[in-house]
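So the structure is just underneath, and the comments pick up after that.
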Amino acid sequence: MIDLGNLTIKKVHEAFKSGEYTCTELAQAYLKVIEQKNKELNIYLEVYNDVLDQAEDADAKFQNGSATLMTGIPIAIKDNILFEGHIASSGSKILENYTASYNATVIKKLKDAGAVIIGRTNMDEFAMGVSTENSAYGVTKNPHDTSRVPGGSSGGSTACIAANMALVALGSDTGGSCRQPASFCGVVGLKPTYGSVSRHGLTAMGSSLDIIGPITKNISDAEIVFDFIKGGDTMDSTSIPSDFYKKNTINKLVIGIPRDFIKEGVDPRVIANFEESIKELESIGYTIKDIELPYAKYAVPAYYIVTPAEISANLARFDGMRYGVRKEGENLMEIYKKSRAKGLGKEVRRRILLGTYVLSHGYFDAYYNKANAVRKLIVNDYKSAFHKVDLILTPTTTGPAFKIGEKVNDPVKMYLEDIFTGPANMAGIPAISIPSGFAEEDGKKLPLGIQFMAPHGREDLIFDIGKKFEEIRK
Amino acid sequence: MDIKGVEKLAELARIELSGDEKESMLSDMQGILGYVKQIEDLKVEDIKADYDLYNVWREETISMADFSKEQLTGQFPDSQDGFLKVKKIL
């Protein structure tokens, strides 16, 4: 019996090499868990029917000596990442029958290495949401407490790792969608530096913010997956080579805490856990400093102008014409209007209309241009903070996972979930959520997470401190 | 923002909304716009961002696509002789 709860990529690779178990046996172990629990938890929208074939090919690679670290590693992918020949519906009805005609660059890399792609995980429709409740295919339940949300929009991916249904998963992060659900599910979620991972084959939501990120049980695995998927790509003009940003040496690492920003609306249990985490970091020799991020509180309002604007443009292609669902109508215009009305969910339609508004004549300057200018203020905030400190630390969320149905009818309440995560996307800097403890409620232990943010390109600092924090948290 | 405004936006976005949906959309949008307008107070005239944006170009080259025509045409909701079929345009 393979102990799925205690695996790491390195452990698994050694086991494959030594013959302790095969890629096929490991894939079967995960498929068994999926068979037992997926119906209840609704994590995978689809488990691919060729998983064991992929595992067989991976086993062959170990036989002929061409295996690498990612060979045979069971990985789940978010439903908005294109895997050729497989459905990629972005959690939406409008793409329920859409079969990807090409591989995302990250998928191509995984396939070349012989990773075993198990299936596509549930998500908020078109990555819009913080709970996976906006999925057109039903909510995913948090494995720690099935009456609660797993977070979103990569809720399926984070619940997948928490429920031992894959070893690693891929999510996407535009406003916090890898980190917030990682925090709710007690796993690691990394948002890499904007441009460091190719967006080719990631269904676009907010193109100036979107990035694919790894969801894993531990920091080492997040580092391995990030190193594996990163890199410039000619198919994505916004992608950058891994050495794009200068890495200056740091002698004694200083962590900055924007205390003013962490006061309002935060659950006292999160504050207590956060203070405890700070003490633990101090106890292993890190210097803590108070910093100010005066414009951080404007990040989320500005985000909810910039993102809907980009969404309204990116989702114009879903028109019932060339692929996806087409609803009948008397004329061309009716087909557009009915296909989009029936195929797109409420939150998606809300954001498209909002985006149309902020980009329209007479409002463009006051909203979209202003929000982009605010973005510059935020970037400058972080640049000056990083002159004084090397990393910035906040809680990932304002509270533990909330109950299913609790916030879904209040858009602004949902948007406020991004308060700590949104700024990193607006600035393009890397950020990670690391499990930091639990809040007890209704006899259940609900995971909490802390978030480290680093300057552009400094995932290395994040991984380093992350591993040390993991050790002391054990 | 009023109902006429919501109707205009729905028209531009090519999305059909029922009467109830328009009302609901109006109230949601008023709430959201109320929340985001706090950036109005910020002075942004003299900001210079510390970074340079530039266009990334590539040479136009002709190369074979790594997917087949059938992968695309096979997904047309309606087709005839391999062509995409749509309602009258003109």
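Couple of notes before you dig in:
- Prolate/oblate/rounded label for chain A (Cα gyration tensor, a/c 1.5): rounded
- Using the Karplus relation 6.51 cos²θ - 1.76 cosθ + 1.60 with θ = phi - 60°, the per-residue 3J(HN,Hα) values for segment A:171-181 come to x, 9, 9, 10, x, x, 5, 9, 7, 4, x Hz, with x marking Gly and Pro.
- Derived scalar couplings between HN and Hα for segment A:208-221 equal 8, 10, 4, 7, 8, x, x, 10, 9, 7, 8, 5, 3, 5 Hz in order, rounded to whole Hz, by the Karplus curve 6.51 cos²θ - 1.76 cosθ + 1.60 (θ = phi - 60°), x for Gly and Pro.
- Within the shell of other residues whose beta carbon sits under 9 angstrom from the beta carbon of A:Ser147, the net charge comes to +2, with Lys and Arg scored +1 and Asp and Glu -1.
- Three-way shape label, segment A:1-65, alpha-carbon gyration tensor, a/c 1.5: oblate
- Amide H within-cut-off set for A:Ser135, under 5 Å, with H built and near neighbours excluded: A:Glu125
- For segment A:199-262, the relative contact order is 21 percent, taking Cα pairs closer than 8 Å that sit 6 or more residues apart in sequence and dividing their mean separation by the residue count.
- Spin-label zone in segment A:90-129 - amide nitrogen under 13 Å from a point set 7 Å from the Cα of A:Arg322 along the C-beta vector: A:101-102
- Our note on the geometry: Cα centres of segment A:434-474 and segment A:279-297, 14 Å apart.
- Cα gyration tensor shape for segment A:314-361, rounded if a/c is under 1.5, else prolate or oblate: prolate
- Sequence-distant residues sharing a close amide H with A:Glu46 (under 5 Å, placed H): A:Arg120
- From phi via Karplus (6.51, -1.76, 1.60), per-residue ³J(HN,Hα) for segment B:14-21 in Hz, x at Gly/Pro: 6, 10, 7, 10, 6, x, 4, 5
- Sites matching GluC sites (Glu not before Pro) across segment A:188-294 that sit in DSSP coil, with at most 14 neighbouring C-beta atoms within 10 Å: A:Glu264
- Over 24 Å (Cα to Cα) - which of A:Lys39/A:Lys413; A:Lys141/A:Lys413; A:Lys93/A:Lys141; A:Lys108/B:Lys85 fall in this group: A:Lys39/A:Lys413; A:Lys108/B:Lys85
Values quoted throughout were computed directly from the atomic coordinates according to the rules given, and no laboratory measurement underlies them. Since the structure is predicted, the reported quantities are computational estimates derived from the model, not experimental observations. Using ideal geometry, Cβ is built from the backbone for each residue, glycine included, and neighbour counts are taken over all protein chains shown.
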